[in-house]
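Okay, so here's the structure we're looking at.
Any read-out appearing in this document is the output of simple, stated calculations on the displayed coordinates, not a laboratory observation. Quantities reported herein were computed from a predicted structural model and do not represent experimental measurements. Cβ atoms come from the backbone with ideal geometry, glycine included; neighbour counts cover every protein chain shown.
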Amino acid sequence: MSAIGREQLHLNDVPVPQPPPGQVLVKVNAVALNYRDKMVIETGRGLPLGFPFTPGSDLSGEVISTGENVKHLSIGDRVISTFTPDWTDGLRPGTGRTPAYRTLGGFYPGVLAEYVAMPEKWLVKAPKTLNDAEASTLPCAGVTAWFALVERARVHAGNTVLIPSTGGVALFGLQIAKANGAEVIISGRPENEQRAIALGADHFIDKKREDWLEAVYELTADRGANHVLEVIGGPHLAKAVQAVAVGGHICQIGALEGFELSAPAMPLMLKDVTIHGIGTGSRKALENLVRAVDRKAIKPVIDTVYEFIDLFSALDHLDRGPFGKIVVKVA
């Protein structure tokens with residue numbers, strides 16, 4: 001990109017970078033796109049982008065050379081990127097005044113390239129059970145769902161999880177919740193019902209139903225959902241607050257309907273609801289997810305894989321709302 005705007009995206013020929021000490025050179029095989037990538041391309045999202053700028057954050061690839069003092073990765077290792085490279089474990093970096101948002105394809109340059117050089121600690125070994133396209137979906141969508149449900153909300157057997165979407169994070173959430181023994185209610189477009197059920201959803205609600213909330217109550221015998229994976233944002237948070245159970249958890253992730261959230265105060269207070277603000281997850285959480293993927297046979301849901309030259313078509317598909325993830329094949 002030479003400036004903000006989709007029309008500023010161009011394929012450019014540049015020299016293959018050489019990894020300095022502590023870094024590795026990765027041959028990129030696949031890049032998974034997030035709605036956030038589209039927002040960065042089209043609006044900049046208020047980030048300090050330095051031009052020329054490479055978008056994209058989620059890669060899978062192979063280490064083909066290493067700089068001096070690289071200790072944990074070797075040539076031939078299959079790797080995936082970490083979305084927030086500075087967040088290793090524990091609390092996310094930042095302060096009350098200035099929350100941190102130092103991500104790949106935002107604060108840092110992105111990965112929509114044939115080769116990238118980056119510090120080895122910015123990479124994690126890929127799951128053995130996934131191919132490159134599948135593995136590329138873990139760094140943002142996968143770890144966000146994992147961090148929300150497992151490492152913050154502590155989902156477990158006997159819980160009910162409500163997921164009002166069939167996008168990338170949502171379908172990871174479905175599989176992660178089922179892997180932990182929970183019952184899952186999915187809400188989305190009617191044409192996606194059978195595919196959601198085939199993935200393991202216990203119930204499906206048409207998101208356009210006027211009695212949507214009543215449907216949730218009916219399915220849960222009025223208890224409500226123990227966990228809501230709130231990937232829509234804006235005024236939709238009000239529905240999550242009404243649908244959640246007493247003592248339940250809402251994982252606020254998405255902003256498809258706006259960054260200004262609104263919800264009724266009385267049910268929020270009277271039901272003792274915990275709202276978790278989720279901004280992806282740490283490197284440690286990604287490593288935990290990789291192990292779970294290999295042990296639990298979790299398979300990312302990919303709607304379409306596009307060739308590198310068809311990036312604009314891939315971005316258009318994000319606008320339409322895919323079932324699962326959109327991936328760009330680089331190599």
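Of all DSSP beta bridges confined to the chain, the antiparallel ones make up roughly 50%.
So which chymotrypsin sites (Phe, Trp or Tyr not before Pro) in region 234-315 pass both tests, a DSSP loop state and at most 12 other Cβ atoms within 10 Å of the Cβ?
Those satisfying the criteria are PHE259.
Segment PHE107..ARG291, full-extension length gain: 63.4 nm, with 0.36 nm per residue of separation and the alpha-carbon distance subtracted. Computed from the C-beta positions of THR88 and ILE309 and an R0 of 25 Å, the FRET efficiency is 0.10 to the nearest 0.05.
I'd like the FRET efficiency for GLU68 and THR129, computed as 1/(1 + (r/R0)^6) with the beta carbon distance as r and R0 of 45 Å, rounded to 0.05. Working shown, then result.
Details: r = 33 Å, r/R0 = 0.73.
E between GLU68 and THR129, to the nearest 0.05, is 0.85.
Note on ALA331 and LEU270: the model spin-label points, each 7 Å out from Cα along the C-beta direction, lie 5.8 nm apart. What chymotrypsin sites (Phe, Trp or Tyr not before Pro) in region 41-102 are in a loop by DSSP, with at most 10 other Cβ atoms within 10 Å of the Cβ? Nothing satisfies the criteria. Between the residues TYR217, PRO164, GLN175, the greatest Cα displacement towards the positive end of the dipole of region 142-277, with unit charges on the Cβ of Lys, Arg, Asp and Glu, is found for GLN175. Placing unit charges on the Cβ atoms only, positive for Lys and Arg and negative for Asp and Glu, gives the chain a dipole magnitude near 800 debye about its Cα centre.
For the residue pairs LYS125/LYS284; LYS71/LYS125; LYS284/LYS325, the C-alpha atoms sit more than 19 angstrom apart in LYS284/LYS325. Shape index of the chain: Rg/Rh, with Rg the Cα radius of gyration and Rh the Kirkwood radius from the inverse mean 1/r over Cα pairs, equals 0.97. Pairs with C-alpha atoms separated by more than 19 Å, drawn from the list LYS208/LYS239; LYS207/LYS239; LYS207/LYS296, are LYS207/LYS296. Inter-part distance, region 308-331 to region 179-254, computed on C-alpha centroids, equals 26 Å.
Applying 1/(1 + (r/R0)^6) with r as the Cβ-Cβ distance of ALA3 and ARG97 and R0 = 30 angstrom yields a FRET efficiency of 0.50. Sparsely packed loop sites in region 27-91 (the GluC sites (Glu not before Pro) outside DSSP H, G, I, E and B with at most 13 other Cβ atoms within 10 Å) comprise GLU68.
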